[in-house]
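Nothing in this text is a laboratory measurement; each read-out follows from the coordinates by a stated rule. In this text, all values refer to a predicted model and were calculated from it rather than measured experimentally. Cβ placement follows ideal geometry from the backbone for every residue including glycine, while neighbour counts extend to all protein chains displayed.
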Number of protein chains: 2
Amino acid sequence: MIDDEKNLSSFLNDFAAVKGPKILVHGGGKIATKMGDSLGLESKYVNGRRITDAATIDLVTMVYGGLVNKKMVALLQSKGCNAIGLTGADANILPAKKRPVKEVDYGFVGDVDSSQLTVSSLQLLLKGGLVPVMAPLTHDGQGQMLNTNADTIASTLAVGLSTLYDVRLIYCFEKKGVLENVEDEHSVIRLITKDIYKQLLDGKKLFDGILPKIDNAFAAIGNGVQEVLIGDARDLQRNTTADTIGTLIK
Amino acid sequence: MIDDEKNLSSFLNDFAAVKGPKILVHGGGKIATKMGDSLGLESKYVNGRRITDAATIDLVTMVYGGLVNKKMVALLQSKGCNAIGLTGADANILPAKKRPVKEVDYGFVGDVDSSQLTVSSLQLLLKGGLVPVMAPLTHDGQGQMLNTNADTIASTLAVGLSTLYDVRLIYCFEKKGVLENVEDEHSVIRLITKDIYKQLLDGKKLFDGILPKIDNAFAAIGNGVQEVLIGDARDLQRNTTADTIGTLIK
């Protein structure tokens, strides 16, 4: 979405049109890797997971917190949406703990907990009619920015805000929803409850890659979030209504 | 200040200690040029003025709006100051007009006007106990970020806010204040009124480079700002009290 100007603009049109208090959490797309290549930084991986060294946290702070975030904010403003771009450091919205070094030192990666969310800061902005646009960055409270997964930030915000609001957490990706048959775009499972999930798991129907998303969804629901939707970014408008078209998890 | 970690931290300690509503407007230091060099971008100048082409506006959005801004926010948070990092696009705080092309096309440079300042957004944040930290960036309201001089943003904010607050605008630089003798660090002129300014100009006492700063200061005062102070960043604490040590312009 983020890497394609036309798709991004179309998505932001839909987002701008969503009624009521809303928050957008974004990732970084391929721009950070591209920019890192231009700067001669090498991406480091251990066990398939990216390591955030000192140069990388500066890179992602620039790209996610600066370039991508402000581009989205400026576009949303042009579409009549009063966006305000933020990281977890701003207004201390989401302090994190640097991931402890065990077998692997992930570097400047922040682990978050919804109990640490500064709900009052978000509430101030939402009540003021502002639309927070969150980059996938947090801070350690001691002056250091940290890299945090965007999906995790989204669910942490959703859980933290569910004490004050009825929250629908929508994960936008490039498929129509959770597919019963990963080869068939039209095999979207429209509703997953705990019972249905158990049946699907027993039948080994689901693509492995989708399991963490569903597990996260149930974790969020177990912690107060009303409902979670997994769907196509292009279906955002429909998926914010009662008549959803993606996979609703309840 | 920004380029030296120790000086920056010491300055931010002083800023964090300032009582009452406050806003910090920062520039970019030498980091943008350094990062531009690493990315193989060439700085373009016409008549000694930097041209902001498409690659450069992306660069400064990354560096000023991301790296520098979030570093300052995270440091201020660690010092107990509830900072929130912003550009003029965020909450539509400062929309600008792309500078018209005449003899020179300055590119993505934004000209600002205090009548365009969204005072209500700043007031919401200040009333909420937040401390805005502004990067020298604005937007055109049509989705494009623009580069705007930090001194200009500071005076525009000061003038716009003077409808609601008594404002002291403090310009921090590397000298103790306006010097009567540029060779003598101790020759600070402690007070400049319009009459004193006229005498100084008549006596050709002042260093040419300081004249635009003083003219800007009188322009701000003419538009409602209570007082302007030009002083050393290291003297910030003293210069926020009644017993100033820099050059007070009234």
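Taking amide H as placed 1.01 Å from N in the peptide plane, A:Val167 has its amide H under 5 Å from the amide H of A:Gln226, A:Glu227, each at least 5 places away in sequence or on another chain. Label-point spacing at A:Asp166 relative to the other copies reads 5.0 nm, in ascending order, each point sitting 7 Å out from Cα along Cα→Cβ. Model label sites at A:Gln226 and A:Asp111, defined 7 Å from Cα along the beta-carbon direction, differ in position by 3.2 nm.
If R0 is 41 Å, the Cβ-Cβ spacing of B:Val104 and A:Asp215 corresponds to a FRET efficiency of close to 0.10.
Using a cutoff of 8 angstrom between alpha carbon atoms and counting only pairs six or more residues apart, the relative contact order for chain B works out to 19 percent. According to the square roots a ≥ b ≥ c of the eigenvalues of the Cα gyration tensor, what is the shape class of segment A:1-165, taking rounded for a/c under 1.5, prolate for a/b larger than b/c otherwise, and oblate for the remainder? Since a/c reaches 1.5 but b/c is at least a/b, the shape of segment A:1-165 is classed as oblate.
Each residue, A:Glu5 and A:Gln199, gets one label point 7 Å from its Cα in the Cβ direction; the gap between the two is 4.8 nm. Placing a label point 7 Å from Cα along the Cα-to-Cβ direction at B:Pro212 gives distances to the equivalent points in the other copies of 5.1 nm, listed shortest first.
Where both partners of a DSSP beta bridge lie in the protein assembly as shown, what percent of those bridges are antiparallel, to the nearest 5?
Numbers: 24 of 58 bridges.
Here the share of antiparallel DSSP bridges comes out near 40 percent.
Within chain A, which DSSP H helices have Cα atoms that stretch 15 Å or more along the helix axis and a mean Kyte-Doolittle hydropathy of at least 0.5? Don't jump to the answer; show the numbers that get you there.
Values: long enough: A:5-17 (18 Å, -0.21); A:150-161 (16 Å, 1.30); A:211-222 (16 Å, 0.67).
What comes out of the filter, once short or polar helices are dropped, is A:150-161, A:211-222.
Legend: P(r) of segment B:77-214 from all alpha carbon pair distances, 5 Å bins from 0, whole percents, reading 2, 9, 15, 16, 15, 13, 14, 11, 5, 1. Copy-to-copy label distances for A:Asp105, where each label lies 7 Å from Cα along Cα-to-Cβ, are 4.9 nm in order of increasing length. Qualifying trypsin sites (Lys or Arg not before Pro) in segment B:146-202, where qualification requires a DSSP coil assignment and no more than 15 other C-beta atoms within 10 Å, comprise B:Arg190. Under 5 Å from the amide H of A:Phe173 lie the amide H atoms of A:Gly231, A:Asp232, A:Ala233, each residue being 5 or more positions distant or on a separate chain, with H modelled from the backbone and absent for Pro and chain starts.
Holding the Cα-Cα limit at 23 Å, pick out from A:Lys70/B:Lys98; A:Lys22/B:Lys98; A:Lys175/B:Lys70; A:Lys34/B:Lys79; B:Lys34/B:Lys71 the pairs that are longer than that.
Numbers: A:Lys70/B:Lys98 17 Å; A:Lys22/B:Lys98 30 Å; A:Lys175/B:Lys70 34 Å; A:Lys34/B:Lys79 34 Å; B:Lys34/B:Lys71 17 Å.
Where the Cα-Cα span goes over 23 Å, the pairs concerned are A:Lys22/B:Lys98; A:Lys175/B:Lys70; A:Lys34/B:Lys79.
Treating r as the C-beta distance of A:Ala54 and A:Lys30 and R0 as 22 Å, the FRET efficiency rounds to 0.50. In chain A, the beta carbon lying closest to the axis that superposes A onto B belongs to the residue given here with its whole-angstrom distance, A:Gly66, 1. Phi angles of segment B:177-190 translate, via the Karplus equation with coefficients 6.51, -1.76, 1.60 and θ = phi - 60°, into HN-Hα couplings of x, 6, 9, 6, 10, 4, 7, 10, 4, 8, 8, 5, 7, 6 Hz per residue; Gly and Pro are given as x.
Rounded to whole numbers, the Karplus 3J(HN,Hα) couplings from phi for segment B:89-97 are 6, 5, 6, 6, 4, 9, x, 9, 10 Hz, using 6.51 cos²θ - 1.76 cosθ + 1.60 with θ = phi - 60°, and x at Gly and Pro. Under a model in which nothing but the beta-carbon of Lys, Arg (+1) and Asp, Glu (-1) is charged, chain B shows a dipole of about 440 debye around its Cα centre. Only lysines eight or more places from A:Lys205 in sequence, or on another chain, were considered; those with a Cα closer than 16 Å are A:Lys194, A:Lys213. Dividing the helix sum by the residues of chain B, where each DSSP H run of 4 or more adds -39500 (n - 2.57), gives a mean residue ellipticity at 222 nm of -10000 deg cm²/dmol.
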